[in-house]
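Shown next, in structure tokens, is the structure this report addresses.
The values are calculated or read from the model by the stated rules, or taken from the named source; none is laboratory data. Fair warning: this is a prediction, and the values are worked out from it, not measured in the lab. Here the Cβ positions follow ideal geometry from the backbone for every residue, glycine too, while neighbour counts run over all protein chains shown.
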Amino acid sequence: MKRLVSVATVLLATAAVSAAVPGVRPAAGAVDATSTLPARTSHTVTLVTGDVVTVRGSGPGCPLVSVRPASQGRTLWRECGRDGHVRVIPTDAAALVRRVLDPALFDVTALIRNGYDDARAAYTPLIVQYAGSADARTARFGAGRCRR
């Protein structure tokens, strides 16, 4: 079953995912960070917002990308940067990226390279920080991992 984390839950917290954070390591089978996505390979990533992104390697340069929004009528911004990284950001969360949400949550290429595509990982690790006491939030949203 795919995990769906509500945008409201994600927006309540400052979240970050990074292979450089102590205790957070790339998943087993992660692709070398210096490699490009091989041609004729396909990876699907479910973002923390529930949007599903499929990336097909097409050799050097930007891969082919298709997006299935988490909800009907939702719009998503996507780009392939000079670094060849595909980034997909829901427009309703865009204003929070960098200020509240770590941009790495929407860097599809980095998620794939670190082994967090749907085929190799059951969840995306999140570091959540709360202002004030987390007790009420833990009780309300539950503790543990969000599953796909």
Would you please name the residue that is surrounded by the most Cβ atoms within 10 Å (Cβ to Cβ), looking only at residues in segment 39-55 that are free of Cβ contacts under 8 Å to residues at least 24 places away in the same chain and in a strand (DSSP E or B)?
THR54
Looking for something among the polar types (S, T, N, Q), modelled with pLDDT of 85 or more and closer than 30 Å to ALA131 by Cα - is there at least one such residue anywhere in segment 33-46?
yes
Of the residues ALA30, ALA93, ALA104, ALA70, only one is modelled with pLDDT under 85 and of a type in the set (A, V, I, L, M, F, W, C); which?
ALA30
